[in-house]
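Student: Sharing a structure with you now.
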Amino acid sequence: MAAPASAPADSRSRPAVRDVVFVDGVRTPFGKAGSKGIYAETRADDLVVKVIRELLRRHPELPPERIDEVAIAATTQIGDQGLTIGRSAALLAGLPKSVPGFAIDRMCAGAMTAVTTVSSGIAFGAYDVAIAGGVEHMGNHPMGEGVDPNPRFVSDKIVDPSALIMGSTAENLHDRFPTLTKQRTDAYAALSQQRYDEALQAGKITPDLVPVSTRSAEQGWGLAATDEPPRPGTTVEALGGLKTPFRPHGRVTPGNAAGLNDGATGCLLADADTAAALGLPVGMRLVGYSFAGVEPEVMGVGPVPATEKALERAGLSIDDIGLFEINEAFAVQVLAFLEHFGIADDDPRVNPWGGAIACGHPLASSGVRLMTQLSRHFAEHPEVRYGITTMCIGFGMGGTVIWENPNYNAGGEQ
């Protein structure tokens with residue numbers, strides 16, 4: 001028998017798994033979706049372009065031609081979020097035409113999955129440096145635009161009909177865990193607003209933002225330099241009077257959930273040796289990650305099994321984690337995670353600068369916002385060795401990434 005045209009490579013020639021580092025992350029200010037929002041007449045792909053250009057501006061030590069991949073996520077991949085947005089945004093940003101790119105979708109965890117996907121490539125040796133991020137213009141593309149769910153999901157009872165409505169899944173979570181009361185979710189939401197405002201006033205939020213020039217046919221040119229959604233001064237009493245749009249006399253309101261938002265995020269990831277050779281800073285080291293599925297009608301519980309899985313594979317326990325960045329799609333989803341792991345609702349390790357309830361949740365972009373903020377927390381807390389970024393994902397999933405602090409001082413206390 002003739003020998004194969006190309007014999008498989010000797011396994012000894014395969015590269016060893018390499019350390020992956022998070023270099024830096026930036027984002028646009030987040031806007032309110034709709035005709036009155038700051039990005040009402042701004043294209044989604046132009047938001048991504050601003051992020052890519054800002055990453056390069058902040059890191060002139062990185063030659064653009066050294067970027068091996070651009071992975072950009074969007075939940076609704078049509079219109080100005082279509083056309084393989086990773087590649088199209090790379091070209092529009094002025095990267096060399098030799099730099100490839102692709103689009104990715106895992107609903108709310110799109111940017112998170114962009115990071116884990118290219119990180120896997122870096123660890124394997126396929127890339128040295130990559131850009132990962134996400135964008136969502138919910139004003140241009142409302143959630144579910146153009147989607148045609150297979151009727152068998154409901155007719156064959158594969159999922160409960162409420163699984164297709166994220167707010168209803170949050171109400172279901174309240175049903176499943178009666179201890180997660182509306183009073184607790186409203187208190188958590190007010191705390192998120194307070195922490196965000198305190199961080200903003202302390203100058204901790206703005207450094208991560210890249211200002212975006214905006215245009216309105218009616219008002220002319222403007223500049224988006226701050227997040228639009230926050231409501232400073234929010235009180236539990238005020239939240240208690242809001243309507244419950246997903247169920248009469250329900251518990252989920254616009255005040256204890258993230259809104260509909262527009263925005264983009266992006267980050268630089270690299271092999272540790274390459275980062276050192278180029279003089280790139282290191283904000284975090286990737287330890288591990290996991291995604292897990294849950295019943296779609298209670299998708300908000302997804303971060304629990306995803307975190308358990310990630311911790312087990314990393315040989316860690318929840319007690320090893322000193323900082324948590326949890327996406328606040330709904331307050332009840334965050335509280336389900338905290339209650340499961342025995343963490344107090346107001347634990348200072350959790351979302352120290354507030355979260356999506358305050359600053360917004362432009363779906364596929366949010367994962368990198370969590371990571372960028374965690375890297376900033378690490379710089380301020382050398383006593384903490386490990387942190388996680390975690391989020392629930394539409395249609396019944398959760399995702400968790402574990403990171404290590406490069407500033408860790410083993411002599412400190414966690």
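The values are calculated or read from the model by the stated rules, or taken from the named source; none is laboratory data. Here the structure is a predicted model, which means the values were calculated and not measured. Glycine gets a Cβ as well: all are built from the backbone with ideal geometry, and neighbour counts include every protein chain shown. To get the accessible areas, we keep the full protein, side chains included, count just its heavy atoms, and leave off ligands, DNA and RNA. Shrake-Rupley method; radii C 1.70, N 1.55, O 1.52, S 1.80 Å.
Student: Going through D208, D227, D197 one at a time, which residue ends up being within 19 Å of A331 (Cα to Cα), under 21 Å from the mean Cα position of the chain (by Cα) and crowded, with 17+ Cβ neighbours inside 10 Å?
Tutor: D197
Student: On to the next question. Looking for whichever is among the aliphatic types (A, V, I, L, M) and either within 16 Å of the chain's Cα centre (by Cα) or within 26 Å of P382 (Cα to Cα) (or both) here; the options are A314, A336. Which one fits?
Tutor: A314
Student: Also, I was wondering about something else. Are any residues in segment 339-353 surrounded by fewer than 22 Cβ atoms within 10 Å (Cβ to Cβ) and either in a helix (DSSP H, G or I) or among the polar types (S, T, N, Q) (or both), and if so, which ones?
Tutor: Residues satisfying the conditions are E339, H340.
Student: Out of R385, R369, I need the residue that is more than 12 Å from the chain's Cα centre (by Cα) and of a type outside the set (V, I, T). Which one?
Tutor: Just one listed residue meets the conditions, R385.
Student: When both residues are 6+ apart or on different chains and their Cβ atoms are under 6 Å apart, which pairs have a first residue that lies in segment 306-328 and is touching a residue at least 24 places away in the same chain (Cβ under 8 Å), and a second that is open to solvent by 40 Å² or more (accessible area, probe 1.4 Å) and β-branched (V, I, T)?
Tutor: Pairs that qualify, where the first residue is touching a residue at least 24 places away in the same chain (Cβ under 8 Å) and the partner is open to solvent by 40 Å² or more (accessible area, probe 1.4 Å) and β-branched (V, I, T), are A314/V287.
Student: Just for segment 1-37: of the residues that are β-branched (V, I, T) and in a loop (DSSP other than H, G, I, E, B), which one is modelled with the lowest pLDDT? Quick ask: steps written out before the conclusion?
Tutor: Just the residues of segment 1-37 that are β-branched (V, I, T), to begin with: 17, 20-21, 23, 26, 28.
Now narrow it down to the ones that are in a loop (DSSP other than H, G, I, E, B): 17, 28.
Values: V17: 93, T28: 98.
Per the stated criteria, the residue is V17.
Student: Find all pairs meeting these conditions: Cβ atoms under 6 angstrom apart; at least six residues apart or on different chains; first residue within segment 1-26 and closer than 30 Å to I52 by Cα and open to solvent by 90 Å² or more (accessible area, probe 1.4 Å); second residue modelled with pLDDT of 70 or more and not acidic (D, E).
Tutor: Short answer, once both residue conditions are applied: V17/A123.
Student: Further question on the same structure: So for segment 170-191 (the condition being β-branched (V, I, T), outside any helix (DSSP H, G or I), open to solvent by less than 60 Å² (accessible area, probe 1.4 Å) and modelled with pLDDT of 95 or more), does at least one residue qualify?
Tutor: Yes, the conditions are met somewhere in segment 170-191.
Student: Could you give every pair whose Cβ atoms fall below 6 Å, whose first residue belongs to segment 264-290 and is closer than 18 Å to G399 by Cβ, and whose second residue is polar (S, T, N, Q) and crowded, with 17+ Cβ neighbours inside 10 Å, counting only separations of at least 6 or pairs across chains?
Tutor: Final answer for the pair search is T265/S365; L269/S119; M284/S375; L286/S119; Y289/T116; S290/T400.
Student: Residue by residue through segment 85-98, note down the ones that are assigned to a loop (DSSP other than H, G, I, E, B) and under 22 Å from R369 (Cα atoms).
Tutor: A93, the sole residue that qualifies.
Student: Which condition from (1) open to solvent by less than 10 Å² (accessible area, probe 1.4 Å); (2) under 20 Å from P229 (Cβ atoms) is the one that L335 breaks?
Tutor: So the condition that L335 fails would be (2).
Student: Give the residue that is nearest to L47 (Cα to Cα), with candidates limited to residues of segment 208-226 that are part of a strand (DSSP E or B) and either free of Cβ contacts under 8 Å to residues at least 40 places away in the same chain or of a type in the set (D, E, K, R) (or both).
Tutor: Taking the candidates together, the pick is S213.
Student: A further question on this structure: Filter segment 99-148 down to residues that are open to solvent by 40 Å² or more (accessible area, probe 1.4 Å), touching a Lys or Arg at 6+ places or on another chain (Cβ under 7 Å) and outside any loop (DSSP other than H, G, I, E, B), then give me how many there are.
Tutor: Within segment 99-148, residues that are open to solvent by 40 Å² or more (accessible area, probe 1.4 Å), touching a Lys or Arg at 6+ places or on another chain (Cβ under 7 Å) and outside any loop (DSSP other than H, G, I, E, B) number 1.
Student: Take A217 and decide whether it is among the small types (G, A, S) and open to solvent by less than 10 Å² (accessible area, probe 1.4 Å).
Tutor: No: the conditions fail for A217.
Student: Let me ask something additional. Looking at (1) surrounded by 24 or more Cβ atoms within 10 Å (Cβ to Cβ); (2) at negative phi, which one does L363 not meet, given that it meets all the others?
Tutor: Unmet for L363, out of (1) surrounded by 24 or more Cβ atoms within 10 Å (Cβ to Cβ); (2) at negative phi: (2).
Student: Next up: Please go through segment 44-62 and give me each residue that is part of a loop (DSSP other than H, G, I, E, B) and touching a residue at least 12 places away in the same chain (Cβ under 8 Å), ordered by number. Please lay out each step first, then the result.
Tutor: Of the residues in segment 44-62, the ones part of a loop (DSSP other than H, G, I, E, B) are 59-62.
If the condition is that a residue be part of a loop (DSSP other than H, G, I, E, B) and touching a residue at least 12 places away in the same chain (Cβ under 8 Å), then H59, E61, L62 are the ones that fit.
Student: Out of segment 354-409, which residues are among the polar types (S, T, N, Q), out of contact with any Gly (no Cβ under 8 Å at 6 or more places or on another chain) and either in a helix (DSSP H, G or I) or without any contact (Cβ under 8 Å) to a residue 12 or more places away in the chain (or both)?
Tutor: Q373
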